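Below is one structure, written out as structure tokens; comments come after it.
The values are calculated or read from the model by the stated rules, or taken from the named source; none is laboratory data. All figures in this text were calculated on a predicted structure; none of them were measured in a lab. FYI the Cβ positions are ideal-geometry reconstructions off the backbone, even for glycines, and counts take in every protein chain you see. Only protein heavy atoms, including side chains, enter the accessible area calculation; ligands, DNA and RNA are left aside. Shrake-Rupley method; radii C 1.70, N 1.55, O 1.52, S 1.80 Å.
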Amino acid sequence: MKQLTSADSLDNLLTQHEYSLVLFSASWCGPCKSMISVVEQTSNMMNGRLNTIKVDVDVSANDAADYGIRSVPTLILVKNDEIIAQQVGALPPQQFMQWVEQNT
């Protein structure tokens, strides 16, 4: 999972793959911490089919605002620069995998 830094552009990272998953989270958010491991496991299982990016809303507030993020964790699936699905809140691993598979 790539961590968005101030040197990165979220838009540039989204164009690197056909499908990208962006996890908007915060270091103080307990459910976010559990979603990080779920997202990493799913990404590993998908063998690189999914570009995964973690965005800390406290560090990258402008990116969070650009995408209308009001709550964490929020997950968005992007295909070719277009948001195709959004999920607010943590999901158990199996439900998360189903959500990804239904939308990719």
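Please find, within region 46-58, the residue that is nearest to Leu91 (Cα to Cα) out of those that are touching a residue at least 40 places away in the same chain (Cβ under 8 Å) and open to solvent by 20 Å² or more (accessible area, probe 1.4 Å). Ranking the qualifying residues of region 46-58, first place goes to Lys54.
Specify which of the listed residues (Ser43, Ser37) is part of a helix (DSSP H, G or I), under 13 Å from the mean Cα position of the chain (by Cα) and free of Cβ contacts under 8 Å to residues at least 12 places away in the same chain. Result of the check over Ser43, Ser37: Ser37. Of all residues in region 46-104, those satisfying the criterion of being on the phi > 0 side of the Ramachandran plot and polar (S, T, N, Q) are Asn47, Asn80. Within region 52-66, does at least one residue satisfy the condition of being touching a helix residue (DSSP H, G or I) at 6+ places or on another chain (Cβ under 7 Å) and not in a strand (DSSP E or B)? Yes, some residue in region 52-66 is touching a helix residue (DSSP H, G or I) at 6+ places or on another chain (Cβ under 7 Å) and not in a strand (DSSP E or B). For Thr5, the conditions (1) touching a Cys at 6+ places or on another chain (Cβ under 7 Å); (2) modelled with pLDDT under 90 all hold with the exception of (1). Any idea which residue in region 67-91 is most open to solvent (accessible area, probe 1.4 Å), counting only those that are in contact with a Phe, Trp or Tyr (Cβ under 8 Å, 6 or more places away or on another chain) and part of a loop (DSSP other than H, G, I, E, B)? Here the residue is Tyr67. Looking across region 14-42, the residues that are surrounded by fewer than 18 Cβ atoms within 10 Å (Cβ to Cβ) and at pLDDT below 85 come down to Thr15, Gln16, His17.
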